[in-house]
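Derivation of every value follows stated rules applied to the coordinates shown; laboratory data play no part. It should be emphasised that the depicted structure is a prediction, and the values quoted were computed from it without experimental measurement. Reconstructed Cβ throughout: ideal geometry from the backbone, glycine too, with neighbour counts over all protein chains shown.
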Amino acid sequence: DIQMTQSPSSLSASVGDRVTITCRASQSISSYLNWYQQKPGKAPKLLIYAASSLQSGVPSRFSGSGSGTDFTLTISSLQPEDFATYYCQQSYSTLRAFGGGTKVEIK
Amino acid sequence: QVQLVQSGSELKKPGASVKVSCKASGYTFTSYAMNWVRQAPGQGLEWMGWINTNTGNPTYAQGFTGRFVFSLDTSVSTAYLQISSLKAEDTAVYYCARDRSSGWYNWFDPWGQGTLVTVSS
């Protein structure tokens, strides 16, 4: 099975900061990588699919990059509403594993 | 609009069973697979598996075989998750999520609002 590892598991940042979250797959998954945002008490929400395609309605400060085993989610200028937990997910295999999550907290 | 609405919270005793529903609206139910995802308290997302809404064929992730059953009632555009012989460690929020695709790429969108299942004596 493909394992997904995110880093860091948590980070503290200030409004306006550039934030980068990484996700590593245990084997090459091409560009079959999605990113989700989850706020406390809410269902996850799709941000990025196919590694770099921005879901409709998602602000352009979110971007995704990478292919193969290493991927990045970048928030170019952190906004108050972006404090949340972010998950990557592979869709290369039919066993759609998630990463462990990265919690973005207010500094 | 496309929407998934799940059944309400459940409080069950160990050894009991529970059935969570996920009602879809705003699209053709049988055109998209449905996934189930578990989130234990304070933990991350764990993919449980998916069900082909056209054929009814389920696929279960490792760790979710035996006590977990996915089913459908296509006449009411609803997917179900049944968990039997409940244990305390089954306490979690359970989400359904529609499988979307473009070419060979797949992702989950939208998600249901989640159903909290609490197992306690």
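Return A:Trp35, B:Trp104 ranked ascending by Cβ neighbour count within 10 Å, so the fewest neighbours appear first.
B:Trp104, A:Trp35
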Pseudo-spin-label distance B:Lys19 to A:Arg61, built 7 Å along Cα→Cβ, given in nm, is 4.6 nm
Evaluated at q = 0.07, 0.16 Å⁻¹: base-10 log I(q)/I(0), Debye formula over Cα of the protein assembly as shown: -0.22, -1.12
A:Ala84's amide H: which non-local residues (gap 5+, or another chain) put their own amide H closer than 5 Å, with H modeled 1.01 Å from N in plane and none for Pro or chain starts? A:Val104
So what are the ³J(HN,Hα) numbers for the range B:39-54, from phi and the Karplus equation (6.51, -1.76, 1.60; θ = phi - 60°), rounded to whole Hz, Gly and Pro as x? 9, 5, x, x, 10, x, 8, 10, 6, 8, x, 8, 10, 6, 6, 8
Specify which residue in the list B:Val76, A:Ile106, A:Leu33 is farthest towards the positive end of the charge dipole of the protein assembly as shown, using unit charges on the beta carbon of Lys, Arg (+1) and Asp, Glu (-1), about the Cα centre. B:Val76
Cα centre as origin, Lys/Arg/Asp/Glu Cβ charges: the protein assembly as shown dipole, Debye: 260 debye
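Please give the charge dipole size of chain B, origin at the Cα centre, charges +1 on K and R Cβ atoms and -1 on D and E Cβ atoms. Round to the nearest 20 debye. Write out the running numbers ahead of the final one.
Details: 9 positive and 7 negative charges, 38 e Å.
Charge dipole, chain B, about its Cα centre: 180 debye, nearest 20.
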Computed label-point distance, nm, for sites B:Ala88 and A:Thr69 using a 7 Å Cα→Cβ extension: 4.0 nm
Spatially proximal lysines relative to A:Lys103 (Cα-Cα < 19 Å; intrachain offsets below 8 disregarded): A:Lys39, A:Lys42, A:Lys45
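How high is the relative contact order of chain B, in percent, counting Cα pairs under 8 Å that sit 6 or more residues apart? Kindly include the intermediate steps, with their values, before the conclusion.
On the way: 294 pairs, mean separation 43.2, N = 121.
Across chain B, relative contact order equals 36 percent.
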Once label points are set 7 Å from the Cα along Cα→Cβ at both B:Val2 and A:Gln79, what is their separation, rounded to one decimal in nm? 2.3 nm
Between B:Thr65 and A:Thr5, what FRET efficiency comes out of the Förster formula 1/(1 + (r/R0)^6) with R0 = 25 Å and r the beta carbon distance, rounded to 0.05? 0.50
